[in-house]
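See structure below.
Please treat every number below as a calculation from the coordinates, not as lab data. Note that the coordinates shown come from a computational prediction; the quantities given were computed from them, not determined experimentally.
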Amino acid sequence: MTAATSDLLCELLTRSLPAWHVAGEVRRASGGAILISGEGREIFVKPAPPGLPFRWLVTVDERERPAISIAAVLRQVREAVDPGYATRRVRVAAFPLVPT
C-alpha cells in the first residue's frame, strides 16, 4: 500500500466519524497505521504485510481481522464505534438460468 492510499484512508475515516454521528478522533500512528478512538474504543488499521491476499489489518479489542478493501475497513470500524449500526450481509449465489 502506498503512502498516498494510507493518507486517503485516514482522511476518509476522519470524515466518516461525523457522518456516522460518532464522537472520536483519527490520527496517524507509526508504521503507516491509523488509530481511531471513539465510543471508548481504540481501533488500529495497519497495512497488511506483503504477500497476503488482503490490504489491511483491523485490530479491535486485541482481535485482528483482515480487510480486503476500503469498504471492509469502513464496515469493521463502524461496527466497533457505532453500537446502533445494523450490519447487512449480502450473499451472492449462482442460480440456474431462467428459460426464455
Inset, instruction - Return one number: the angle in degrees, 0 to 90 and rounded to the nearest 10, between the long axis of the Cα atoms of helix 70-81 and the longest principal axis of the Cα atoms of the chain. - result: 60
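Please give the contour-minus-distance gain from Thr87 to Ala72: 0.36 nm per residue of separation, less the Cα-Cα distance, rounded to one decimal in nm.
4.2 nm
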Inset, instruction - Return a whole-number percent for the relative contact order of the chain, with Cα pairs under 8 Å and 6 or more residues apart as the contact set. - result: 17
Inset, instruction - For n ≥ 4 DSSP H runs only, could you compute -39500 (n - 2.57) per run for the chain, divide by its residues and tell me the 222 nm figure to the nearest 500? - result: -9500 deg cm²/dmol
Legend entry - Cα centroid separation, the stretch 1-48 to the stretch 70-87 (Å): 12
